[in-house]
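Beneath this line is the structure, given in structure tokens, with notes to follow.
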Amino acid sequence: MSATEPIAARARLMSEAGYFDENSDEVVPSPCISVCRMTEDRSRCEGCFRTIDEIRAWAAADSAQRRAIWVKLLQRAGADVPESLAR
């Protein structure tokens, strides 16, 4: 299994459940997959591909900001961005 498969699978699951829809009343879920380790160069988390700044910003972020973080981390991971996030 590649390092990107778990986060790509989580994104697909969240997209299929409607969490990324702009009109959803649901809270945009965290991309955390409980692999909380920074890369050697400290550029990102090895599990969720977020940067330290994105991890820190998450709790105070609104839905639009959370969706934007999801897009960035999926691009960083080299994973497909679900259509519901690409809009």
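The values are calculated or read from the model by the stated rules, or taken from the named source; none is laboratory data. The model shown is predicted, which means the values in this text are computed figures rather than measured ones. A quick note on method: Cβ atoms are made from the backbone with ideal geometry, for glycine too, and the neighbour counts reach across all protein chains shown. Note: accessible area is taken over every heavy atom of the protein model, side chains too, but ligands, DNA and RNA are not part of it. Shrake-Rupley method; radii C 1.70, N 1.55, O 1.52, S 1.80 Å.
Things worth noting here:
- Exposed-site-free run, longest, the chain (rule: GluC sites (Glu not before Pro); DSSP loop; at most 12 other C-beta within 10 Å): 41-87
- Rounded to whole numbers, the Karplus 3J(HN,Hα) couplings from phi for the range 42-59 are 6, 7, 6, 6, 5, x, 9, 6, 7, 7, 4, 4, 5, 5, 5, 6, 3, 4 Hz, using 6.51 cos²θ - 1.76 cosθ + 1.60 with θ = phi - 60°, and x at Gly and Pro.
- Extent of the chain along its three principal axes (Cα atoms, max minus min coordinate, largest first): 38, 30, 20 Å.
- Placed amide H near MET38: partners under 5 Å, 5+ positions off or other chain: GLU46
- Once the Cα atoms are used to define both axes, helix 63-77 deviates from the longest principal axis of the chain by about 40 degrees.
- Start at zero, step by 10 Å, and the Cα-Cα distances of the range 1-49 spread as 26, 44, 25, 6 percent across the bins.
- Surface per residue (accessible, 1.4 Å probe) for the chain, Å²: 62
- Placing a label point 7 Å from the Cα of ARG87 along the Cα-to-Cβ direction, the residues of the range 1-43 whose backbone N falls under 19 Å of that point are 11-29.
- Heavy-atom surface analysis with a 1.4 Å probe gives the chain a carbon and sulfur content of 46 percent of its accessible area.
- For the chain, the relative contact order is 31 percent, taking Cα pairs closer than 8 Å that sit 6 or more residues apart in sequence and dividing their mean separation by the residue count.
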